[in-house]
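Let me begin by presenting the structure, written as structure tokens, before commenting on it.
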Amino acid sequence: MTTVHATAPTRIDFVGGWTDVTDYCDKEGGAVVNAAIDLRVHVEFLLGARGRTIRLHAEDLGDHITIKSSDALVYDGQLDLHKAALNMMPVTGGIEVISRSDAPGGSGLGASGALDVALLAGLAQMRNDRYDPEELAEMGFQLETQELGLLGGRQDQYAAALGGFSQFRFGAEGVEIRRLSVGEDAARDLERHMVLAYTGHSHFSSATHANVWARYADGEPSVTEALDTIRELAEPAAQSLEASEWKRLAALVDRNWAAQKALDATISTAGTQAIEDAARAAGAWGLKATGAGAGGCLVILCDAGDRDAVAEAVEAAGASVLKAGFAFEGVTVWEEEDAPQA
């Protein structure tokens, strides 16, 4: 029996998150600067089971379901991303799909987008279909927004598919991608100036998204102004990354966080604020919540000499420091022939 493996990285968004959502970017144009990290999503596909039985497992969530056939794939809140991928790319016969994520649940690091891309890339391999990374990213976005009707943007899927450091422009006419000139030495140096802190509670991006976009649709000026500010930070952030100007990048990250918090009162929780206060007291230059906010992770930039002190301070405030380096490789797929049983 052949096993297909697929893996895709999660990401840190430095600036621009929220402006990749179609409600805004199709009208105003959005812009995001992000980087893939080596907290990856992993998926295994085992094809060859007898009959039409579908077995789905999310090992990190402890979810395991068995479905009699593809005709019985129903979206009910249980492993719906897996089901949607199988609906978009059906395979003949029985299949077992096993997924796990290196990132904690609700981290705000784009793990669901990475899962979208890994699922589709693996299924495409099984079907002998060929897609380039940009196509897989767009299909992953359509999986969530069209197939499942979820709110969200495109940046997660594109970071997962491409890897590395990127500046994206999102609009009604498509996605413009600029790969940033950040080499491995610069990336390792940035890691020495960065702390990735998990707040210890999951973010609820769908609920937060719904509130923000309802207010945007109503024309609330504070929301529009905040989104415009977030979008305009992308170009200087890209320049800072390419020039290895980490303190300037931190100031832009800080400005993004101030605008991000202006979008909705739930974006900075009491727990997040306590961790933020501790990081700043320990010497942090700047920080922001990754993803939508409302929990999840904080990316914190500081002097390399203060990194240990910042890490200790945020842990004392209730956070967990995640070990994550930058990932230059995007989605990857390979096959493995299982050894025959004696």
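The values are calculated or read from the model by the stated rules, or taken from the named source; none is laboratory data. Note that this is a predicted model, so its numbers are computed, not measured. As a convention, Cβ positions derive from the backbone with ideal geometry for all residues, glycine included, and neighbour counts pool all protein chains shown. Protein only, heavy atoms only, side chains kept; ligands, DNA and RNA dropped before computing areas. Shrake-Rupley method; radii C 1.70, N 1.55, O 1.52, S 1.80 Å.
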Item to check | Positive-end residue, the range 118-258 charge dipole about Cα centroid, Cβ charges, pick of Gln239, Asn128, Gly219 | outcome: Gln239
Checklist outcome for this item: Taking protein heavy atoms only, a 1.4 Å probe, and rounding to whole percent, the accessible area of the range 9-121 owed to carbon and sulfur comes out at 45 percent
Item to check | Cα-Cα P(r), the range 139-256, percent of pairs per 5 Å interval | outcome: 2, 9, 13, 19, 21, 18, 12, 5, 1, 0
Checklist entry - Assigning unit charges at the beta carbon (Lys, Arg +1; Asp, Glu -1) and nothing else, what dipole magnitude in debye, to the nearest 20, does the range 21-157 show about its Cα centre? => result 580 debye
Next on the checklist: I need to check one value: relative contact order of the range 270-342, counting alpha carbon pairs closer than 8 Å and at least 6 residues apart, in percent.
Outcome noted: 29 percent
Item to check | Around His209: net Lys/Arg minus Asp/Glu count, Cβ-Cβ under 14 Å | outcome: -3
Checklist entry - How large is the accessible surface per residue of the chain, computed with a 1.4 Å probe and reported in Å² as a whole number? => result 41 Å²
Next on the checklist: Compute a Gaussian network model of the chain, connecting alpha carbons closer than 10 Å, and tell me which residue from Tyr216, Tyr24, Tyr75 fluctuates the most.
Outcome noted: Tyr75
Item to check | the range 152-255: GluC sites (Glu not before Pro) in DSSP loop, at most 10 other beta carbons within 10 Å | outcome: Glu173
Next on the checklist: Please report the antiparallel percentage of the DSSP beta bridges confined to the chain, to the nearest 5.
Outcome noted: 90 percent
Checklist entry - Under a point-charge model restricted to the Cβ atoms of Lys and Arg (+1) and Asp and Glu (-1), what is the dipole moment magnitude of the range 121-165 relative to its Cα centre, in debye to the nearest 20? => result 100 debye
Item to check | Average Cα contact separation per residue, the chain, under 8 Å, 6 or more apart, as relative contact order % | outcome: 26 percent
Item to check | Value of relative contact order over the range 71-183, rounded to a whole percent, pairs C-alpha under 8 Å and six or more apart | outcome: 23 percent
Checklist entry - Carbon and sulfur together cover what percent of the accessible area of the range 180-221 at a 1.4 Å probe radius? => result 51 percent
Checklist entry - What are the residues whose amide H is under 5 Å from the amide H of Asp63, where those residues sit 5 or more places off or on another chain and H is modelled from the backbone? => result Ala58
Next on the checklist: To test your reading of the geometry: what angle, between 0 and 90 degrees and rounded to tens, separates the Cα axis of helix 111-126 from the longest principal axis of the chain?
Outcome noted: 30 degrees
Checklist entry - What is the dipole size for the chain, taken about its Cα centre, with +1 at each Lys and Arg Cβ and -1 at each Asp and Glu Cβ, in debye to the nearest 20? => result 260 debye
Checklist outcome for this item: Listed by chain and number, the lysines with an alpha carbon less than 16 angstrom from that of Lys83, same-chain partners under 8 positions apart left out, are Lys68
Checklist outcome for this item: Excluding residues fewer than 8 positions from Lys261 in its own chain, the lysines with Cα under 16 Å of it are Lys288
Checklist entry - Nearest 10 degrees, 0 to 90: what angle lies between the long axis of helix 270-281 and the longest principal axis of the chain (Cα atoms)? => result 50 degrees
Checklist outcome for this item: Rounded to the nearest 10, the angle in degrees between the Cα long axis of helix 307-316 and the longest principal axis of the Cα atoms of the chain comes to 80 degrees
Checklist entry - Looking only at Ala214, Ala309, Ala161, which one moves most when the chain is put into a Gaussian network model with springs between Cα atoms under 10 Å? => result Ala214
